[in-house]
1. From the list K46, K23, which one is of a type in the set (D, E, K, R), surrounded by 16 or more Cβ atoms within 10 Å (Cβ to Cβ) and over 30 Å from Q129 (Cα atoms)?
2. For the structure I just gave you, tell me whether R87 is away from the ligand (no atom under 12 Å from the Cβ) and either over 18 Å from R170 (Cβ atoms) or outside the structural domain of A160 (by TED's automatic domain parsing) (or both).
3. Is at least one residue of the range 164-176 β-branched (V, I, T), over 14 Å from the mean Cα position of the chain (by Cα) and closer than 26 Å to W82 by Cβ?
4. Just to confirm my filter: which helices (runs of 4 or more DSSP H) fall fully inside the range 37-155 and include at least 2 residues that are under 16 Å from the mean Cα position of the chain (by Cα) and not acidic (D, E)?
5. Is it the case that some residue within the range 177-196 is of a type in the set (D, E) and either within 18 Å of F103 (Cα to Cα) or outside the structural domain of R91 (by TED's automatic domain parsing) (or both)?
6. What's the number of the only condition in (1) touching a residue at least 60 places away in the same chain (Cβ under 8 Å); (2) away from the ligand (no atom under 13 Å from the Cβ) that N8 fails to meet?
7. Looking at the structure I just gave you, is S47 closer than 25 Å to G102 by Cα and outside the structural domain of Y164 (by TED's automatic domain parsing)?
8. Name every residue in the range 12-36 that is part of a loop (DSSP other than H, G, I, E, B) and under 16 Å from A194 (Cα atoms), in order of residue number.
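The values are calculated or read from the model by the stated rules, or taken from the named source; none is laboratory data. In this text, all values refer to a predicted model and were calculated from it rather than measured experimentally. All Cβ positions, glycine included, derive from the backbone under ideal geometry; neighbour counts span all protein chains shown.
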Amino acid sequence: MFDLYIGNKNYSSWSLRPWLLMKHFGIPFVEHSVSLYRPGHTALLKSLSGNARVPCLHEDGFQIWESIAIMETLAERHPEIWPADARARARARSLSAEMHAGFAALRSAMPMNLKFELKGKSPALEVQQDIDRVIALWEETRCQFSGRQGPYLFGAFSAADAMYAPVACRFHIYNVALPPVAGHYRDALLAHPAMIEWREAALKESEACARYDQLAEDYGGRR
Ligand SMILES: N[C@@H](CCC(=O)N[C@@H](CS)C(=O)NCC(=O)O)C(=O)O
């Protein structure tokens with residue numbers, strides 16, 4: 001029995017990753033929402049999650065934190081969440097680990113904020129370098145591993161797509177220009193039924209984080 005603790009859907013990009021993966025593969029779970037912007041939220045997080053962060057998966061009450069650890073734990077019961085081919089599976093793990101550990105400039109300059117669609121502006125050099133790296137990874141992987149078996153990185157949807165789904169949201173929100181292969185992949189992720197479900201729920205949330213909303217406004221104003 002899985003319980004998944006997640007943050008505000010509008011802002012919590014890490015929460016989106018395992019949520020999307022579990023939804024896509026039909027892995028049953030009970031969803032619990034934790035407000036990240038109310039006083040006392042840290043004490044609540046400490047009681048729910050070993051690293052006082054969301055997402056946190058509970059299996060019969062046992063806590064599994066860090067998105068990549070959650071995915072690997074799920075993969076023990078559901079190996080289909082990684083590609084079947086060994087080389088593709090290894091590459092999917094490399095991409096997922098790189099996402100988990102990297103792209104700090106991109107994540108900090110362009111936080112997920114689904115209520116915005118911005119005109120965009122020229123990103124700082126280190127942000128552009130992260131964007132270029134993501135584009136290169138997406139293009140290379142689609143070219144080498146998708147086998148035209150589907151619109152995702154490895155053809156069929158995998159954990160690697162769940163890891164990059166919030167980046168697709170960021171590219172859309174901040175109006176980042178993408179070459180055709182990367183643009184089609186971003187659109188495929190955004191059109192995933194579970195992504196639409198998540199976004200619709202995010203738009204209905206009333207709680208706002210002034211700091212993130214101001215950052216978005218500073219990034220080119222509302223469209
Ligand atoms: N490396 C962690 C990152 C988790 C993370 O930073 N989560 C944020 C929300 S997106 C959080 O819980 N922040 C705690 C807080 O705002 O107090 C993972 O992969 O799960």
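1. K23
2. yes
3. no
4. 67-77, 86-101, 104-109, 125-145
5. Within the range 177-196, not a single residue is of a type in the set (D, E) and either within 18 Å of F103 (Cα to Cα) or outside the structural domain of R91 (by TED's automatic domain parsing) (or both).
6. Just one mismatch for N8, condition (2).
7. no
8. Step one: of the range 12-36, the residues part of a loop (DSSP other than H, G, I, E, B) are 12, 25-29, 34-36.
Hits for the range 12-36 are S12, F25, G26, I27, P28, F29.
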